[in-house]
1. Considering only segment 56-70, I want to know if a residue exists there that is over 24 Å from residue 125 (Cα atoms), surrounded by fewer than 18 Cβ atoms within 10 Å (Cβ to Cβ) and of a type outside the set (Lys, Arg).
2. Among the residues of segment 107-130, write down those that are touching a His at 6+ places or on another chain (Cβ under 6 Å) and on the phi > 0 side of the Ramachandran plot.
3. Taking residue 71 as the residue in question, decide whether it is out of contact with any Lys or Arg (no Cβ under 9 Å at 6 or more places or on another chain), small (Gly, Ala, Ser) and modelled with pLDDT under 95.
4. Could you tell me which numbered condition residue 103 fails, if it satisfies all but one of (1) free of Cβ contacts under 8 Å to residues at least 40 places away in the same chain; (2) under 21 Å from residue 29 (Cβ atoms)?
5. Which one of these is closer than 18 Å to residue 101 by Cβ and out of contact with any helix residue (DSSP H, G or I) (no Cβ under 7 Å at 6 or more places or on another chain): 29, 64?
6. Taking segment 1-25 as the search range and keeping residues that are in contact with a Lys or Arg (Cβ under 9 Å, 6 or more places away or on another chain) and in a helix (DSSP H, G or I), which one is surrounded by the fewest Cβ atoms within 10 Å (Cβ to Cβ)?
7. State which residue is farthest from residue 13 (Cα to Cα) when the search covers only segment 26-67 and only residues that are aromatic (Phe, Trp, Tyr) and assigned to a strand (DSSP E or B).
8. Does segment 34-48 contain at least one residue that is surrounded by 14 or more Cβ atoms within 10 Å (Cβ to Cβ), β-branched (Val, Ile, Thr), at pLDDT below 95 and within 15 Å of the chain's Cα centre (by Cα)?
Amino acid sequence: MDKSEKRNVQIVLNAFDALFNRRDYATAERFWSPSYILHSAHIPPGRGGLFNLIKAMPDTLHYEHHVAAASGDFTILQGRFSGLGQRAVWVVGDIVRMEDGMLAEHWDVIQDEATREQSRSGLPMFGEKFPD
């Protein structure tokens, strides 16, 4: 990764931490573009749709990332969302397009995390070991 790609990865990681873990909406607004475009089946459109969804989530919501990569203006993360108040933790692939140092556009792929018993490969979907 070049210097600007590394910077973009750090911005996206800081943005995710501010919104999903710290629930610091004022800081998060500095990361997400006011004209944020969201390609998601699970989230209403725009920055407001995303922020309102997170405001409605349980306080136990937590995001952790495992893999981060960048190519040009695009940053790709593999992460885990836990504490959703649902039966399964989500493993998510996020693709973020950056513009002028802000998160401008987003795509995601969301899947329930497989247990050891559910994993046909015998490998965890996230990290090096299955969750306890």
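1. Among the residues of segment 56-70, at least one is over 24 Å from residue 125 (Cα atoms), surrounded by fewer than 18 Cβ atoms within 10 Å (Cβ to Cβ) and of a type outside the set (Lys, Arg), which makes the answer yes.
2. Listed by number, the list holds a single entry, 127.
3. The answer is no for residue 71.
4. The one condition residue 103 does not meet is (1).
5. 29
6. 25
7. 36
8. Within segment 34-48 (the criterion being surrounded by 14 or more Cβ atoms within 10 Å (Cβ to Cβ), β-branched (Val, Ile, Thr), at pLDDT below 95 and within 15 Å of the chain's Cα centre (by Cα)), the answer is yes, since at least one residue qualifies.
The values are calculated or read from the model by the stated rules, or taken from the named source; none is laboratory data. No experiment lies behind these values; they were computed from the predicted model shown. Cβ coordinates were reconstructed from backbone atoms using ideal geometry, including for glycine residues, and neighbour counts include every protein chain displayed.
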